[in-house]
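Here's the structure we're looking at; comments come further down.
The values are calculated or read from the model by the stated rules, or taken from the named source; none is laboratory data. Computed from a predicted model, the values in this text were never measured in an experiment. Neighbour counts are summed over all protein chains in view; Cβ atoms, including those assigned to glycine, are modelled from backbone coordinates with ideal geometry. Heavy atoms of the whole protein, side chains included, go into the accessibility calculation; ligands, DNA and RNA do not. Shrake-Rupley method; radii C 1.70, N 1.55, O 1.52, S 1.80 Å.
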Amino acid sequence: MKTSTGDLNTVKLSCRNVWKVYGQQPDQFFNSAEGKVENAAALSSRILNNDHILANADVSFDVHVGEIFVIMGLSGSGKSTIVRCLSRLVEPTAGEILLDGEDLLKKTDAELIDIRRHKMGMVFQSFGLMPHLNVIDNIAFPLKIQGIAEADRYAQASRVIELVGLQGRENNYPRELSGGQQQRVGIARSLAVEPDVWFLDEPFSALDPLIRKQMQDEFLRIQSKLHKSIVFITHDFQEALRIADRMAIMRDGAIVQIGRPVDLILSPADDYIREFTQDVPWESILRAADIAKPTRKKTANLPVVNEDALVETLLSQLASSADGVAVKAADGSILGVASAQSLAAALASGVSSTAVDE
Amino acid sequence: MTGTFDRHFFHWIGVVGVTVLCLWLQGDWKWLSEYPGDWVVPVSDWLNAIMDWIVKYSGWFFLGVSWVLEWPIDAVRVVLNALPWSVTTFVVCVVAYAASGWKLSLFAFLSMLYMVVIGYWFESMNTLSLVAISVPMAIVIGFSFGVWGFFSKRAERVIMPMLDLFQTVPTFAYLLPILMLFGFGTVVGLIASVMYSFPPMVRNTIVGLRGVSPEVIESGLMSGATQRQLFWQVRVPSSMRQILLGVNQATMASLSMVIIASIIGGTEDIGWEVLTQIRKAQFGESLLAGLVIALMAMVIDRITAGLATRSDNYETGEKTFIQRYRLWIIAAIGSIVFGLIAQIAAPLNDWPRAWEIDPSDAMNSSLTYLIVNFRPQIEAIKTFAFFFVMLPAKIGLQQAVSPFTWGFALTTTHKIIYAAAILGMVTFLSLRGSQKAGISVLISGIVIYFGLAGMPWPALVLIGAVAGLKIGGPMLAAGTAAGLMFIVMTGTWSEAILSIYLCGIAVVLSFVAGSAIGIWAAHNETVSRVVRPFNDTLQTMPLFVLLIPFVMIFKIGEFTALLAIIAYAIVPAIRYGEHGLRSLPDTVIEAATMIGATRSQMLWQVKIPLALPVMMLGLNQTIMYGIAMLVIAALVGTNGLEQIVYIGLSDGDFGVGIVAGIGMAIIAIIADRMTNAWSRKRQQELGLSPS
Ligand SMILES: Nc1ncnc2c1ncn2[C@@H]1O[C@H](COP(=O)(O)OP(=O)(O)OP(=O)(O)O)[C@@H](O)[C@H]1O
Ligand SMILES: [Mg+2]
């Protein structure tokens, strides 16, 4: 289901030291347009003490081609703001945003419009559908804006309608659709221009849990076909677990930790992260590789399991085999031995980072 | 808490002290009771001088504009009059169908038929032609200002107070400067109507554009829309509903102003017809003509409102040319067909005089019968209201109570009993902790005894200012004092008092009765259903028409004016009363039920106190409606500022009319700010978000 980050080396979108300050005079805190500062924490508290609102503080991360990058955090932690900085719906106060290696912040209005028309798509929490347009016109709207002829844009719109499974509802207005259906329209619209980069700001938060699950599956199915580079925002850790290749957790505008979901569970940077991760059912997250310990002993007589086998499925084997099981990597080599002991060690979160990184 | 409370209390005691002092001294110091003529600031003379100067040096400009505008008006008028009535009716019916369906179409057809059969087609078309020109102008102007105000905060700060002023200046006072500048003619009606009707368009445009959700804007931006595309393809269409609501309101305002402007005469329109008949005291004729206006208003209102709320407003999708333009095609073909038939069948072109129906004689004689037979009852109602309600409010118990009116003279014993009763009530209330109520009773007691007209002006100005201070803070206090002093210093205080007195009684009665009906309607679906169409009709009715029934039965005079004002001002009281009670949060009601509140406890201690802020907004609207109607009521003989405005208009005395008009606007604005501030304050105290 998930693509591992290892093979995705090309960076699609990256943000470097992005700051966003709201208030009377946000610029006063920065000497240059670059957001590189010696001591980010000190600057942050200076900004706050000056009665300004700090929506994003020194945010840096990369999104690779074909990767689903999830941003999480409590309400008000600056998730929406950073994604809007990435699309330049909000102008960052300082920092750099690179799309395909080019600085997005240096683009003129005309260039930006062009980039949005062809390279970016965005899905909104409360859908943001045009109330005056029916489904097909809503979806074809970005194409209409580009001046594409009616027949062509309807043809393209019909393709994405099929992709999101909304056939038959083309002539309905948004108010006549359920929440889930409206968000399908939102998704279809953002895909109509075949963007490379896809932003989703809490796309499923307004939906009830059952529909949400269904939409997540749908989303993963679409992504498995299209391989977009995705920034996905959510405040639901379960959702993040299901879809994230890598994720970042934000607090008070700053990123606290970035990594694979399992990294965050096994070695949370601080209590804030632990708050998020503690209720996660570990057996559905941990894989054999995560609890394997390198060993010099012979492993030939041990049962062999694949590195990406869920620990959940290994429990009975671990219980019966005192020496543990051998964990085999994709290339056939043996990573190490997973045992009841190593599992307990991982769960105690004292897991050595080497075990995770390997 | 008690500390501040005491401070308020002592402020009010001070006010009462000053009032009593003024009353005491006004026998000796005449200037206290009557602002001396020598002290009057001749603002009206200055205004006249300015106007003369403008007319002298740039009159040509306005006359030029006037000349230019005459053309389209005349053109539309010629076309509408030349078209066979059957064609016009057909087109209107198709439009009505498109707006809301065959029911409205049928209603439109019957209304138009009525105009034809009763013989007012020509006058109706003259009115319609003015509306037809003024509405598009108001829409374009209003939309432009709305867009400007939307994009520029600074522009909005200039535009909004201007709109307030345009909508509070008495309607007749509008006509005066326009009459001066643009000269006699239909153009006056047009310009007045545009000025009166574009403000709602501005407001709705701004509200609509503001109301577009940020995510819709962002999704437009992410689609790569340019600024222009964002405006015309995202903002405007997604706020179309609100904008069309503005069109609806602008159209109604335009129609009512066109009717009012016909008072200038020379327009041969339906408003003029009504006015002439009222002046001639022709009941039947004026009611028949008034009905034309009412029907026209209802048809126009339903059509424009229908267009605004139509569910398939945004028809797109795969449709053939014919499907898409079906109604246009029907309208065009139908018009041609009817036009051709009308050439052969003359009655479809010009309804023959002989076929007109004129039930006015029958109506007049039945009215005469009614009046003759019920004279004692009618007189009794009138006398009762006059002696026991209107006179005491105006000149106070002090003078109103006499053997001739109340059947006894006011002796010292009576006075002592009255004073003791008032003071007893004040003490009782104060001891129970409601000093505010005590103060209100004390001041009301004084005012009722001496009458509004008998109160010294410095005392009333002071009461107004302190009330402003307590309700809205220093700004409101200063504004109130300055506004009232303007009225005093321009020498129109006594008339202003008469306006306040008449409008005040009407507002109190409307508010009490209206709220009661509203509360009843909130608890009873049947009542609610019965009341609603009444309210709708009263609200769309041009104000002139409301005068007719009252003037016919009760003749000209203040009492008639009072009834007409009540008939109009009661509508918002009912509406807000019902709305206030219906929109209470369920949890509160449930909580109150759970602690075992009885029905009356529930009403008086839970529902009404919580609904009060909304009801206060209703009071605000009641006052505004009352003042709007008061202006028109000048036609049936009142004595306040509105009468001066009216006289100024008929004499062409710009300065006098405008000063009185500004006076009325000041009263309206003060009342508006006070009630709004009070409502906001209460809502904050109750922890409800101000709506
Ligand atoms: N236009 C603005 N002006 C001032 N402050 C703003 C503005 N937009 C956002 N903020 C502030 O920036 C902070 C981050 O807001 P943001 O919307 O990014 O949070 P979020 O993480 O998306 O929260 P949620 O989960 O509730 O959507 C908040 O404190 C917010 O109040
Ligand atoms: Mg957000």
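Remarks
- Under a 5 Å amide H cut-off, with hydrogens placed 1.01 Å from N, residue A:123 pairs with A:199, A:200, A:201 among residues at least 5 apart or on other chains.
- Exposure of residue A:235 as accessible area (Å², to 10), given a probe of 1.4 Å and all protein chains: 100
- Sum of -39500 (n - 2.57) over DSSP H runs of 4+, divided by residues of the protein assembly as shown (222 nm, nearest 500): -21000 deg cm²/dmol
- Global form of the range B:473-686, assessed from the alpha-carbon gyration tensor, a/c cut-off 1.5: oblate
- The peptide list B:249-256, B:74-81, B:485-492, put in order of mean Cβ contacts within 10 Å with the highest first, becomes B:249-256, B:485-492, B:74-81.
- Partner aspartates and glutamates whose Cα lies under 15 Å from the Cα of residue B:103, excluding those fewer than 8 positions away in the same chain, are identified as B:301.
- Of the accessible area of chain A, computed with a 1.4 Å probe over protein heavy atoms only, carbon and sulfur atoms account for 48 percent.
- Chain A: relative contact order as a whole-number percent, Cα under 8 Å and 6+ apart: 18
- Rolling a 1.4 Å probe over the protein chains gives residue A:252 an accessible area of about 110 Å².
- Note on residue A:213: aspartates and glutamates with a C-alpha under 15 Å away, same-chain residues under 8 apart excluded, are A:202, A:236, A:239.
- Shielding by partners - mean other protein chain Cβ count within 10 Å, residues of A:132-143: 4
- Percent antiparallel among DSSP beta bridges (both partners in the range A:286-349, rounded to 5): 65
- Order of exposure, largest accessible area first, which applies to B:71, B:328 with probe 1.4 Å: B:328, B:71
- Using C-alpha pairs under 8 Å with a sequence gap of at least 6, the mean separation divided by the residue count of the range A:286-349 gives a relative contact order of 40 percent.
- Computed on protein heavy atoms with a 1.4 Å probe, the accessible areas place A:163, B:431 in the order B:431, A:163, largest first.
- Scanning residues 5 or more positions from residue A:95 or on other chains, those with amide H under 5 Å from its amide H are A:19, A:34, A:35, with H placed 1.01 Å from N in the peptide plane.
- Solvent-accessible surface (1.4 angstrom probe) belonging to residue A:100, in square angstrom, nearest 10: 70
- In percent, rounded to a whole number, the relative contact order of chain B is 18, using alpha-carbon pairs under 8 Å and six or more apart.
- Anisotropy class of the range A:48-132 from Cα gyration tensor, a/c 1.5 cut: rounded
- Interface size B-A, as summed buried accessible area [1.4 Å probe, Å², nearest 100]: 2300
- The mean number of Cβ atoms from other chains found within 10 Å of a Cβ in peptide B:210-219 is 5, as a whole number.
- By accessible area with a 1.4 Å probe, ligands and nucleic acids excluded, highest first: order of B:102, B:121: B:102, B:121
- Between helix A:135-145 and chain A: long-axis angle, C-alpha atoms, 0 to 90°, nearest 10: 70
- Cross-link pairs exceeding 28 Å between alpha carbons, from the set A:12/A:225; A:79/A:144; A:36/A:107; A:79/A:293: A:79/A:144; A:79/A:293.
- Cα→Cβ-extended label distance, 7 Å offset, between residue B:329 and residue B:140, nm: 3.1
- 5 angstrom amide H check on residue A:336, placed H, neighbours 5+ away: A:327
- Among beta bridges identified by DSSP and lying wholly in the protein assembly as shown, the antiparallel ones come to about 55 percent.
- Using a cut-off of 28 Å between Cα atoms, the listed pairs A:20/A:119; B:382/B:681; A:228/A:328; A:20/A:228; B:280/B:394 include B:382/B:681; A:228/A:328; B:280/B:394 as exceeding that distance.
- Per residue of peptide B:435-445, the mean number of Cβ atoms on other chains within 10 Å of the residue Cβ is 0.
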